[in-house]
């Protein structure tokens with residue numbers, strides 16, 4: 001690996017930007033993809049490797065390339081330091097998510113209630129601007145308070161977040177959609193919101209609801225078919 005290529009790889013990893021280091025076997029020629037100078041077939045294979053999150057060797061035009069995937073960990077922003085969040089945060093961390101809990105209410109958003117979790121006590125509009133959700137980000141709102149949930153959902157809808165979920169009944173969700181339409185979001189954008197949040201597993205307790213939410217996030221991330229919606 002050349003010094004320039006190594007520096008580019010280190011910079012991408014520091015910026016948490018997904019890249020693929022492609023090495024041609026056996027001569028060791030390399031590309032860091034995406035790269036407009038790379039062969040088109042290699043670029044397509046690298047994009048597929050990133051999506052599948054799996055490093056592998058591929059044969060392209062009589063050449064063998066090893067594609068080494070460097071994907072940053074997926075991230076989850078949880079708006080509302082409530083009981084469900086206390087269960088969801090460690091569950092998500094155990095499945096590889098970098099978790100940020102956002103809640104300006106200092107009595108709820110504490111390290112004692114969320115040990116080892118990044119906490120933001122800023123208002124959601126400011127916190128979400130710093131979180132900057134991307135295509136490897138999920139956003140879940142849990143407060144039932146429009147002053148907290150709506151700014152976070154507004155920011156998520158303007159991003160490439162792969163999953164957006166909101167806790168609340170169908171009646172609550174209908175009112176939420178009306179407010180978000182008033183902020184300029186059309187029906188196509190609003191259809192991205194999973195609401196009521198979570199798969200329908202008849203969850204009752206906070207940990208059970210957290211499991212249903214995380215299951216839906218994982219299904220969205222992996223492109224799995226989803227069942228009926230929860231009613232909570």
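The values are calculated or read from the model by the stated rules, or taken from the named source; none is laboratory data. Owing to the predicted nature of the structure, the values given are computational and were not obtained by experimental measurement. Heads up, the Cβs are rebuilt from the backbone with ideal geometry, glycines too, and the neighbour counts pull from every protein chain shown.
Yes or no, residue by residue, for (1) over 26 Å from residue 71 (Cα atoms); (2) surrounded by 13 or more Cβ atoms within 10 Å (Cβ to Cβ):
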position: 89; (1), (2): no, yes
position: 92; (1), (2): no, yes
position: 99; (1), (2): no, yes
position: 105; (1), (2): yes, yes
position: 110; (1), (2): yes, yes
position: 113; (1), (2): yes, yes
position: 116; (1), (2): no, no
position: 120; (1), (2): no, yes
position: 130; (1), (2): no, no
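Every condition in (1) surrounded by 18 or more Cβ atoms within 10 Å (Cβ to Cβ); (2) in contact with a helix residue (DSSP H, G or I) (Cβ under 8 Å, 6 or more places away or on another chain); (3) farther than 21 Å from residue 74 by Cβ holds for residue 162 except the one numbered (3). Here residue 42 does not qualify as in a helix (DSSP H, G or I) and touching a residue at least 60 places away in the same chain (Cβ under 8 Å).
Screening the candidates 81, 77 for the property of being under 20 Å from residue 15 (Cβ atoms), touching a strand residue (DSSP E or B) at 6+ places or on another chain (Cβ under 7 Å) and surrounded by 15 or more Cβ atoms within 10 Å (Cβ to Cβ) yields one hit, 77. Applying the condition of being touching a residue at least 60 places away in the same chain (Cβ under 8 Å) and not in a strand (DSSP E or B) to the stretch 60-72 and asking which residue is farthest from the chain's Cα centre (by Cα) yields 71.
Residue 126 satisfies every condition listed in (1) in contact (Cβ under 8 Å) with a residue 12 or more places away in the chain; (2) farther than 28 Å from residue 222 by Cα; (3) within 20 Å of the chain's Cα centre (by Cα) except (1). Has the stretch 219-227 got any residue that is at pLDDT 95 or above, outside any strand (DSSP E or B) and in contact with a helix residue (DSSP H, G or I) (Cβ under 8 Å, 6 or more places away or on another chain)? No.
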